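Scroll down for the structure; my scribbles are underneath it.
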Amino acid sequence: MPHKVFLSRLKLSDFRNYAALSLDLDARHVVLTGDNGAGKTNLMEAVSLLSPGRGLRRAAYADVARVRADTGFSVFAELDGMDGPVEIGTGTAGAEEGQARRLRINGTTAKSVDELLDHLRVLWLTPAMDGLFTGGSSDRRRFLDRLVLSLDPEHGRRATDYERAMRSRNKLLSEGRADPVWLTGLERQMAELGISMALARQEMLGLLAALVDKNHEGGVFPVADLALSGFLDGEWHRPAFDLEEQYLEMMKNGRYRDASAGRTLDGPHRSDLLIRHRTKNMEAERCSTGEQKALLVGLVLAHARLVANMTGHAPVLLLDEIAAHLDEGRRSDLFDLVDDLGGQAFMTGTDQSMFSALGARARYLTVANGTVSG
Ligand SMILES: Nc1ncnc2c1ncn2[C@@H]1O[C@H](COP(=O)(O)OP(=O)(O)O)[C@@H](O)[C@H]1O
Ligand SMILES: [Mg+2]
């Protein structure tokens, strides 16, 4: 049994509705209850900033900084991490729009936010994700890429570099008199990055499928079958080199079309994640709201288990408003699954009694108006 990754201290300043908060925690799960608007999701959001990206709300940092404080925000955490005890601090220096966040790990400025992945993985499920199946494909791609990133820290860099090369290609095509050598250079970059990005997605889906076939969450939550479509469909058994050549050819042949469309129409940035309810054999988007919620919970738990298996450390899980949609039996099964993962989970709800099945496995905190007690 690997040692458990958990936050032992969390300090916030000028973070959303928290002027200052200092919270000592232990290895138990954390249950946060309180009225609407108390600051439960805000606290989860702070923890989510211990992973690369803009956190579970994908907010602009200027919005995260507390209103009326004209400083930036800061989040500081001490944890027993994947690589031993570590102190992580992140935040912004001022409240101006558009700035990046700083990151310090053990007092040293980190070169990249991806360094966070050496210490912990944070996964979340929030009510905002309820529309995942019915919404646009970009949300599903982002969801998918976060799943991949938590297994493969290189994925974020690849995706950013791919996007950058694509923007340059689009710009060159829009200018109408593109230098063919330059254009081919960009397309070659896109082919390499794009194919490795797509292969990383395929690999993650393969691993996840193998894991859910053992049907763990399936006893409680429905199993989701996942597939990708929209880019080189049916070709993924071929060697990476062939796929790169094919994608390169597609881009070359698509230059005229892409120039008039104003964007690149072929590529992994156009893939969609197809999700099916296995036992009902039905697309997730056609399932009922309750079925969709259960599918999503099962999916996130399966992914958390995959991360635990692959890294040897369970992720920190943020489950916002998780208990609301589940009946008592399912809730208690959920808590058992979460606890079995072996990591620290943060859960929120309006009513503490909904968490009674967790018993002594959790610490119970009450949130009110940007303060935490209990
Ligand atoms: N930048 C900010 N500065 C101050 N308060 C904020 C900021 N952003 C959000 N809030 C406040 O935080 C509260 C919402 O907190 P939230 O954590 O979402 O509540 P809940 O406990 O329902 O999850 C709202 O009252 C909102 O006005
Ligand atoms: Mg909330």
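In the set Val367, Val338, only one residue is at pLDDT 95 or above and not in a helix (DSSP H, G or I); that residue is Val367.
The residues in the range 120-139 that are of a type outside the set (A, V, I, L, M), open to solvent by 20 Å² or more (accessible area, probe 1.4 Å), out of contact with any Ser or Thr (no Cβ under 8 Å at 6 or more places or on another chain) and within 20 Å of Leu319 (Cα to Cα) can be counted, and the count is 3.
One residue alone among Ala294, Ala304 is at pLDDT below 95, assigned to a helix (DSSP H, G or I) and open to solvent by less than 10 Å² (accessible area, probe 1.4 Å), and that residue is Ala294. Screening the candidates Pro153, Pro85 for the property of being open to solvent by 40 Å² or more (accessible area, probe 1.4 Å) and modelled with pLDDT under 95 yields one hit, Pro153. Within the range 34-54, the set of residues being of a type in the set (D, E, K, R) and either within 26 Å of Ala110 (Cβ to Cβ) or more than 8 Å from ligand 1 (Cβ to nearest atom) (or both) comprises Glu45, Arg54.
Suppose the filter is of a type in the set (D, E, K, R), under 20 Å from the mean Cα position of the chain (by Cα) and within 16 Å of ligand 2 (Cβ to nearest atom); does Arg58 pass it?
On the way: of a type in the set (D, E, K, R): yes; under 20 Å from the mean Cα position of the chain (by Cα): yes; within 16 Å of ligand 2 (Cβ to nearest atom): yes.
Yes, satisfied.
Considering the range 3-23 alone, what residues qualify as being over 13 Å from Phe346 (Cα atoms), under 21 Å from the mean Cα position of the chain (by Cα) and open to solvent by 30 Å² or more (accessible area, probe 1.4 Å)? If the condition is that a residue be over 13 Å from Phe346 (Cα atoms), under 21 Å from the mean Cα position of the chain (by Cα) and open to solvent by 30 Å² or more (accessible area, probe 1.4 Å), then Lys4, Arg16 are the ones that fit. The residue of the range 309-325 that is nearest to ligand 1 (Cβ to nearest atom), among those that are in contact with a Leu (Cβ under 6 Å, 6 or more places away or on another chain) and open to solvent by 10 Å² or more (accessible area, probe 1.4 Å), is Ala314.
Within the range 229-249, the residues that satisfy the criterion of being hydrophobic (A, V, I, L, M, F, W, C), in a helix (DSSP H, G or I) and within 30 Å of Glu283 (Cα to Cα) are Ala240, Leu243. Filtered by the rule that a residue be open to solvent by less than 10 Å² (accessible area, probe 1.4 Å) and either among the aliphatic types (A, V, I, L, M) or near ligand 1 (Cβ under 8 Å from one of its atoms) (or both), the range 24-33 gives Val30, Val31, Leu32. None of Thr279, Thr264 is surrounded by fewer than 21 Cβ atoms within 10 Å (Cβ to Cβ), assigned by TED's automatic domain parsing to the domain that holds Gly219 and either at negative phi or part of a strand (DSSP E or B) (or both) except Thr279. Taking the condition near ligand 1 (Cβ under 8 Å from one of its atoms) and touching a residue at least 12 places away in the same chain (Cβ under 8 Å), does Arg57 pass? For Arg57, the condition - near ligand 1 (Cβ under 8 Å from one of its atoms) and touching a residue at least 12 places away in the same chain (Cβ under 8 Å) - is not met. Applying the criterion of being touching a Gly at 6+ places or on another chain (Cβ under 9 Å) and open to solvent by 40 Å² or more (accessible area, probe 1.4 Å) to the residues of the range 330-351, the residue that is nearest to Ala46 (Cα to Cα) is Thr350.
For the range 49-82, taking the residues that are acidic (Asp, Glu) and at pLDDT below 95, the one that is most open to solvent (accessible area, probe 1.4 Å) is identified as Asp70.
Within the range 60-71, the set of residues being within 11 Å of ligand 1 (Cβ to nearest atom) and either in contact with a strand residue (DSSP E or B) (Cβ under 6 Å, 6 or more places away or on another chain) or aliphatic (A, V, I, L, M) (or both) comprises Ala60, Ala62, Val64, Ala65, Arg66, Val67, Ala69.
Do we have any residue at all in the range 152-161 that's part of a helix (DSSP H, G or I), over 17 Å from the mean Cα position of the chain (by Cα) and closer than 27 Å to Leu274 by Cβ?
Within the range 152-161, the subset part of a helix (DSSP H, G or I) is 154-161.
Of the ones still in play, those that are also over 17 Å from the mean Cα position of the chain (by Cα) are 161.
Filter again for closer than 27 Å to Leu274 by Cβ, leaving 161.
Yes, that holds for at least one residue.
Candidates in the range 169-191 are the residues that are of a type in the set (Gly, Ala, Ser) and farther than 17 Å from Arg270 by Cα; of these, the one that is most open to solvent (accessible area, probe 1.4 Å) is Ser174.
The values are calculated or read from the model by the stated rules, or taken from the named source; none is laboratory data. What you see is a predicted model, and the numbers here were worked out from it, not measured in a lab. Counting neighbours? That spans all protein chains shown, and the Cβs are built from the backbone with ideal geometry, glycine included. Ligands, DNA and RNA are stripped out before the accessible areas are found, and what is left, the full protein with its side chains, is counted by its heavy atoms. Shrake-Rupley method; radii C 1.70, N 1.55, O 1.52, S 1.80 Å.
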